[in-house]
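Report on one structure; see the data block that follows.
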Amino acid sequence: MIVTTAQLFKHAYGKYAVGAYNINNAEQAMGLFKGALLSKAPFIIQISKGARNYTDKRMLEAIIRAAGEIFPDAIFAVHLDHGDEATCYDCINSGFFSSVMIDASHDPFEKNIEITKRVVDAAHKKGISVEAELGMLGGVEEDIKVEDGHATLTNPAEAEEFVKRTGCDSLACAIGTSHGAFKFKGKQSLHFDVLQKIKARLPGFPLVMHGSSSVPQDEVARINAAGGSIKDSVGVDTAEYLPAAKLGVTKINIDTDGRLVWTRVHREFFRDKPAEFDFRPPGKIFMEEYAKFISSRNHLLGSANQLDDLRASLKK
Ligand code: G3H
Ligand code: 13P
Ligand code: ZN
């Protein structure tokens, strides 16, 4: 059942974070839905601009609709990840999305407000909520690369002003994470001090953490042992998901880790069966492994075993 992102946030706020997972194809969708039901967790499916262009945007929508029918007990929202203004309008008008993200975080503060406000006005007319971003994460997303030195943490006072002036429904904050598999140099923690200050200025307001993959080192080791070459990759400490959730982080975005599962499964499969050329056997393994991965993340986010309570609260 597709619900609004606002309904998921209302149930989760301050207690747990809803996992937001990017999908690009049918195998990821199958693994995601299976894993969510295995862990009895609500979730958010995110579609990036790149994902919409990978095959055809209608293909992904059809896959998600079909998955919703195959897994009728699932409760989820559908979200545009890192949209530009034109893509936001396309998704708002499609009638399929629960929420959109307008990412004008690379623009100056006033321009970010101006663009975000326009998208909020258009979205709210259709009952769709809007995630915006303030501050700059490091790493690569879509075609934009931010060098480490240029990443900036969200300023709490600006966050408060930004939310009041734009009317956005949730805010992606830069609190030390970055996109991709190379987040930190050495051991590093989230900036809980910044998060605490943002929460104090925006009590009850859902915050979003991008760049939240943990980049499991055993996964990276298996990929490299099967012919990969991923060096110096470090991710977010999964023990920090729940403390962040208690401070108002209601949506946690995870994409890279799923790509690592895919890469490990396929590298190991073809290393061990070099004469194989049927893509379905590794695809089957991937769906199972991705389901296990999703379930494990939902347990760490605190969203596992929330499904029945959420279902009951939606009926009230
Ligand atoms: O933050 C970006 C997400 O990981 C989506 O990546 O734009 O390559 O689909 P993508
Ligand atoms: P990761 O690259 O850490 O998985 O982050 C994904 C993300 O933020 C999607 O918007
Ligand atoms: Zn992101």
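For N298, the test of being part of a strand (DSSP E or B) and either at pLDDT below 95 or polar (S, T, N, Q) (or both) is failed.
Just to be sure before I move on: is S213 crowded, with 19+ Cβ neighbours inside 10 Å, closer than 22 Å to P108 by Cβ and within 16 Å of ligand 1 (Cβ to nearest atom) in the structure I sent? So S213 fails the test.
Identify, by number, the condition in (1) of a type in the set (S, T, N, Q); (2) within 20 Å of V119 (Cβ to Cβ); (3) away from ligand 3 (no atom under 14 Å from the Cβ) that S48 doesn't meet. Answer for S48: the failing condition is (3).
In the condition set (1) in contact with a strand residue (DSSP E or B) (Cβ under 7 Å, 6 or more places away or on another chain); (2) touching a residue at least 60 places away in the same chain (Cβ under 8 Å), I198 is compliant with all but (2). Here I75 meets each of (1) more than 16 Å from ligand 2 (Cβ to nearest atom); (2) at positive phi with one exception, condition (2).
The set of residues in segment 229-248 that are crowded, with 16+ Cβ neighbours inside 10 Å and farther than 22 Å from P156 by Cβ comprises S233, V234, G235, T238. For segment 199-209, the count of residues that are of a type outside the set (D, E), more than 16 Å from ligand 3 (Cβ to nearest atom), out of contact with any Asp or Glu (no Cβ under 7 Å at 6 or more places or on another chain) and in a helix (DSSP H, G or I) is at least one. Here are some conditions: (1) more than 14 Å from the chain's Cα centre (by Cα); (2) of a type in the set (G, A, S); (3) open to solvent by less than 10 Å² (accessible area, probe 1.4 Å). G14 meets all but one. Which one does it not meet? Here G14 meets the rest and fails (3). Taking the criterion of being touching a residue at least 40 places away in the same chain (Cβ under 8 Å) and within 16 Å of ligand 1 (Cβ to nearest atom), the residues of segment 64-87 that qualify are I64, V78, H79, D81, H82.
The values are calculated or read from the model by the stated rules, or taken from the named source; none is laboratory data. Bear in mind that the values here come from a model prediction, so they are computed numbers and not experimental data. Because the Cβ atoms are built from the backbone with ideal geometry, glycine has one as well, and the counts that use them run over all protein chains shown. We work out accessible area using only protein heavy atoms, side chains counted, and drop any ligands, DNA or RNA first. Shrake-Rupley method; radii C 1.70, N 1.55, O 1.52, S 1.80 Å.
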